[in-house]
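The values are calculated or read from the model by the stated rules, or taken from the named source; none is laboratory data. Computed from a prediction, not measured in an experiment: that's the story for all the values here. Glycine also receives a Cβ, built like all others from the backbone with ideal geometry; neighbour counts cover every protein chain displayed.
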Amino acid sequence: MHPNPNFRKTETQISLEFARKRAFGSLVISANPVPLISHIPFLLAEDGSSAVLHLVRSNPITRLKEPSPAKILVTGADAYISPDWYGEDDHVPTWNYVAVHLTGVLEPLPPEDLPDVLAAQSDDYETRLLPKPVWKMDKLNDEVQARFLRMILPYRFRVEDIDSTWKLGQNKDDTVRRAAADQVETGIGSELAELAALMANPPQTS
């Protein structure tokens, strides 16, 4: 997380809502000689206390059979910010971004929990596509479904701490920050329109 406190004051509930809506991140587990990292969809509980997810059996993380300390890193919009965009001198280049880190414990779930985990995840994601009919597992024939279920394992991630960085130029005067926001969509990064909107009106702080 960025050390500047100006970027660390966004309300925890806003960061949790961001992570819940994003529903995709990087699962990180300590290992030797390097950490194990997997890019995963997850389903965060309404109260933010836990998430469910699944991993393919061939993922090295599945070799851990006991609860293990872990993080889920969730990133959002980001963009390079040119000093010229502020409309005044003596600013330096930077990169603005949104990131939320969930710290906790990854726990293997019983294999028999897998259908419920998959149904909860797919139902949540599919309902975001309405009015498209919601896809259900029973659309697979028995052989395909059985083969699919053999390939993956279910997990719960217990959330113990939430850190976030919403680096949106909050350390700048409102006028120059919004001037830069007006130029973001001409630049480089990802989800530029989203970042421009956030820079123009940073989320509520605690």
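Brief remarks on what is shown
- Cβ-Cβ contacts under 6 Å between residues 6 or more apart (or on different chains), taken from a first residue in the range 84-110 that is over 30 Å from residue 68 (Cα atoms) to a second residue that is part of a loop (DSSP other than H, G, I, E, B), are listed as 85/183; 96/168.
- Candidate set: the range 11-66, residues that are among the β-branched types (Val, Ile, Thr) and part of a strand (DSSP E or B); chosen: the one surrounded by the fewest Cβ atoms within 10 Å (Cβ to Cβ): 56
- Taken as a whole, the range 124-136 holds no residue that is over 30 Å from residue 11 (Cβ atoms), outside any loop (DSSP other than H, G, I, E, B) and either touching a residue at least 40 places away in the same chain (Cβ under 8 Å) or of a type outside the set (Asp, Glu) (or both).
- Test: residue in the range 73-88 that is surrounded by 15 or more Cβ atoms within 10 Å (Cβ to Cβ), hydroxyl-bearing (Ser, Thr, Tyr), within 30 Å of residue 169 (Cα to Cα) and under 13 Å from the mean Cα position of the chain (by Cα): yes
- Unique residue being more than 24 Å from residue 14 (Cβ to Cβ) and among the aliphatic types (A, V, I, L, M) when the list is 64, 102, 73: 64
- Residues satisfying the criterion are present in the range 161-184 (criterion: touching a helix residue (DSSP H, G or I) at 6+ places or on another chain (Cβ under 7 Å), exposed (fewer than 15 other Cβ atoms within 10 Å of the Cβ) and either within 28 Å of residue 107 (Cβ to Cβ) or of a type outside the set (Val, Ile, Thr) (or both)).
- When residues of the range 185-206 are limited to those that are more than 19 Å from the chain's Cα centre (by Cα), part of a loop (DSSP other than H, G, I, E, B) and at pLDDT 95 or above, the one surrounded by the most Cβ atoms within 10 Å (Cβ to Cβ): 187
- When each of 73, 64, 27, 43 is tested for being of a type in the set (A, V, I, L, M, F, W, C) and either over 30 Å from residue 199 (Cα atoms) or modelled with pLDDT under 95 (or both), the lone residue that passes is 64.
- Of 78, 90, all but one fail to be more than 23 Å from residue 120 (Cβ to Cβ) and at pLDDT 95 or above; the exception is 78.
- All conditions but one from (1) over 21 Å from the mean Cα position of the chain (by Cα); (2) over 30 Å from residue 199 (Cα atoms) apply to residue 117; the one that does not is (1).
- The residues listed here are 79, 180, 99; of these, the one that is among the aliphatic types (A, V, I, L, M) and not in a strand (DSSP E or B) is 180.
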